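First comes the structure, then the notes that go with it.
The values are calculated or read from the model by the stated rules, or taken from the named source; none is laboratory data. Just so it is clear, the structure is predicted and the values come from calculations on it, not from any experiment. Positions of Cβ are backbone-derived with ideal geometry, glycine not excepted, and every protein chain shown enters the neighbour counts. Only protein heavy atoms, including side chains, enter the accessible area calculation; ligands, DNA and RNA are left aside. Shrake-Rupley method; radii C 1.70, N 1.55, O 1.52, S 1.80 Å.
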Amino acid sequence: MNIHEYQAKELLAKFGVPVPAGFAAMSVEEAVEASKKLPGPLYVVKAQIHAGGRGKGKFKELGPDAKGGVRLAKTEDEVRAAATDMLGNTLVTVQTGDAGKQVNRLYVTDGVDIAKEFYLAALVDRATGRVAFVVSTEGGMDIETVAHDTPEKIHTFDVDPATGFQPHHGRAVANALGLTGDLAKQAQSVAAKLYDTFLGTDASQIEINPLAVTDNNRLMVLDAKVGFDSNAMFRHKDLAELRDETEEDPMELEASKYDLAYIKLDGDIGCMVNGAGLAMATMDIIKLNGMFPANFLDVGGGASKEKVTAAFKIILGDPNVKGILVNIFGGIMRCDIIAEGIVAAAKEVNLQVPLVVRLEGTNVEQGKAILSNSGLAIVPANDLGDAAQKIVAEVKKAA
Ligand code: ADP
Ligand code: MG
């Protein structure tokens, strides 16, 4: 689960990390009011979307010469103009894809005089299974380019969970940033608090870019991107409330309501599978047969009729889907129950595209009998290879 920059900064501030003052705004008037509460003389009006690269982004509606989603303003009128330009318009950045994202919220914050921009992130290193710090002197707007062209400028080290964050970790961050004296002390403190925030919120990623040195030698977080482990949100009710569903893919959102693990992809063949490993294998074998999966979908171990119906509706909500492959192993769940769910769901959604079903496991014969007696044009398959060949053939035949 991801949150907006302003929410991330409020959270970091609670853990004692230095951030400039600022206020969220949902309208032009609120943006102007927010700027009046700030000391000035420089304000920054920032589009709040769940994507980075806003500074260099472009608004679809404003043409190529207009400024991006992070704007400096010196007067009330400039704040008003920036807010008017952004709200309701679509910002396209390197991270949004061509469709862009509509800006519905703004953040109006203190403008800071920047002497230097650093990069500092904490994330879960999958290789070591530990929280890792990623540090670079080359902060600002192009960290992807730095990682690509000069990877030696990015330093990474992890924290042993048995000892937790130690002073030497803080010194390593300060050293990697080339800081000495008071700024080094500030960097150590920011790193320690970042680690506290990470553990305290079950974060999966906290990326600060830039971590700025101001011209009066203060370290400040000017941009923060925070993501949490969704599986831990049950123990952070306050954080779960920060979720902004308008930022999420509508079909993935619908799937999450039924506890279905669904990820939309670009292909033509919808897949409904139980178990993430089997779902991955099913996607692979569709590709092996020359077509592409339209989605990843794991209905989980206890796939009920309601879940199967919801899954069908979500798969068919994607207009690209030209056929569906159901691949279910009935272990905990019996194949006859699943078959009843598939038949009921196919009838309820008035299925118009080819459907190939491969069932295996407990009560598989009863399951297959239910499918073949259903009166529906369901194509049975015997194994995974057979199923993939059949759905590709059926889709080509229907085209
Ligand atoms: P994004 O990463 O989405 O482009 P940032 O918040 O990092 O957005 O802003 C882009 C750039 O704008 C920063 O690298 C920084 O140079 C400048 N900037 C952002 N916030 C402030 C601020 N409060 N004061 C001064 N400059 C800022
Ligand atoms: Mg940034």
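Computed values, structure above
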item: Residue that is assigned to a helix (DSSP H, G or I) and within 20 Å of the chain's Cα centre (by Cα), where the choices are E207, E152, E144; result: E144
item: Verdict on V395 being part of a helix (DSSP H, G or I) and either closer than 19 Å to M291 by Cβ or open to solvent by less than 60 Å² (accessible area, probe 1.4 Å) (or both); result: yes
item: Among (1) part of a strand (DSSP E or B); (2) farther than 22 Å from T197 by Cα; (3) more than 11 Å from ligand 1 (Cβ to nearest atom) - the single one L91 does not satisfy; result: (3)
item: For G267: the one exception among (1) closer than 19 Å to A339 by Cα; (2) open to solvent by less than 10 Å² (accessible area, probe 1.4 Å); result: (1)
item: Pairs, first over 17 Å from A51 (Cβ atoms) in the range 243-265, second among the basic types (K, R), C-beta under 7 Å, six or more apart; result: M251/K264; Y258/K307; L260/K307
item: Unmet requirement for S27, which otherwise passes all of (1) within 25 Å of L219 (Cα to Cα); (2) away from ligand 2 (no atom under 16 Å from the Cβ); result: (1)
item: Of all residues making up the range 121-153, the number that are within 20 Å of A203 (Cβ to Cβ), in contact (Cβ under 8 Å) with a residue 12 or more places away in the chain and either touching an Asp or Glu at 6+ places or on another chain (Cβ under 9 Å) or more than 16 Å from ligand 1 (Cβ to nearest atom) (or both); result: 14
item: Residues of the range 195-204 classified as of a type in the set (A, V, I, L, M, F, W, C) and either in a loop (DSSP other than H, G, I, E, B) or touching a Cys at 6+ places or on another chain (Cβ under 8 Å) (or both), total; result: 0
item: Some residue of the range 317-337 being without any contact (Cβ under 8 Å) to a residue 40 or more places away in the chain and within 16 Å of V392 (Cβ to Cβ); result: no
item: Meets criteria (assigned by TED's automatic domain parsing to the domain that holds E207, loosely packed, with under 13 Cβ neighbours inside 10 Å, hydrophobic (A, V, I, L, M, F, W, C) and modelled with pLDDT under 95) for A127; result: yes
item: Cβ pairs under 7 Å, 6+ apart, first in the range 210-223 and free of Cβ contacts under 8 Å to residues at least 24 places away in the same chain and assigned to a strand (DSSP E or B), second open to solvent by less than 10 Å² (accessible area, probe 1.4 Å) and of a type outside the set (S, T, Y); result: none
item: Failed criterion for N231 (all others in (1) in contact with a helix residue (DSSP H, G or I) (Cβ under 7 Å, 6 or more places away or on another chain); (2) farther than 20 Å from V353 by Cα; (3) polar (S, T, N, Q) hold); result: (1)
item: Pairs, first in the same structural domain as K101 (by TED's automatic domain parsing) and surrounded by fewer than 16 Cβ atoms within 10 Å (Cβ to Cβ) in the range 27-50, second modelled with pLDDT of 95 or more and not in a strand (DSSP E or B), C-beta under 6 Å, six or more apart; result: L42/G111
item: Selected residue [open to solvent by less than 60 Å² (accessible area, probe 1.4 Å), within 24 Å of the chain's Cα centre (by Cα) and within 16 Å of ligand 2 (Cβ to nearest atom)] from G111, G69; result: G69
